[in-house]
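Notes follow the structure.
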Amino acid sequence: MALIFGNWVYHIFSIFVKAVLLIRGVRIGRKFYVQGVPELIANGKTGNIVIGDNVRIMGRVQLKVRENGKIIIGDGCKLDRNTRFVAANEATLRIKRQTNIGANSIFNCGADVTIGEKCLIAGFVYVQSSNHGIQKGAFIKEQKHTYGKIVIGDDVWLGGYCFVNKGVTIGNGAVAGAGSIVTKDVPEYAVVVGNPASVLRYRQ
């Protein structure tokens, strides 16, 4: 559409999409902007999805709440195309202000996940706050999950294809290099790389 009519068409489209989401019960702030159609999947309360002021959605995204899960997107955040956000059980996924989420990233939250202010989350990042049990003698898909909250501090940069496992805290200002598998806590301002991720150096 923008190729034919210019980017102004998205501003009109955003008003329409916002109206539809408000009718569905989603709470949305001022100056909402969208270039795709958000997919809303609610086996819980749509009112548990809160989108702040000046949020920009740059393509199709999926917002899914189950049970009493909550998704809270802070002011000034930018969500790129094909991103997926799931909050289940009693979990809250909270993305604080002015954080950017890259394309094709996934956040599966069976326990609380908090992402700090002004973070850069690159494309194809996977954040998972639950795991299947893997005891032998039963199918893995039938075993109970284990859970652990994830806290990602302010000013954190996660490179492309990072994986963040349940129970991890990443300190303010930390950097995880592309492809890092983060399975334990990361100190503030540390630069970590590898599988499993380990400290390479500290930001100066």
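Here are the numbers:
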| read-out | value |
| --- | --- |
| Folded to 0 to 90 degrees: helix 8-24 orientation relative to the chain principal axis, Cα | 70 |
| Stretch gain in nm, segment ARG81-LYS118, where the contour uses 0.36 nm per residue and the Cα spacing is subtracted | 11.4 nm |
| Placed amide H near GLU117: partners under 5 Å, 5+ positions off or other chain | ASP154, ASP155 |
| Computed lengthening from LYS136 to ASN43, 0.36 nm per intervening residue step minus Cα-Cα distance | 30.4 nm |
| Between the stretch 26-52 and the stretch 82-155, the Cα center-to-center distance that results, in Å | 18 |
| The stretch 95-204: proportion of alpha-carbon pairs further apart than 21 angstrom, % | 32 |
| Relative contact order (%) - the stretch 2-202, alpha-carbon pairs under 8 angstrom, separation at least six | 11 |
| For GLY76, distant residues with modelled amide H under 5 Å away | ASP53, ASN54, VAL55, GLN98 |
| Helical contribution to [θ] at 222 nm, DSSP H n ≥ 4, -39,500 (n - 2.57), averaged over the chain, rounded to 500 | -3000 deg cm²/dmol |
| Compactness of the chain - radius of gyration and Dmax, Cα, Å | 17.5, 60 |
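No lab work stands behind these numbers, since they all come straight from the coordinates. Keep in mind that this is a model prediction, so the values were computed, not measured.
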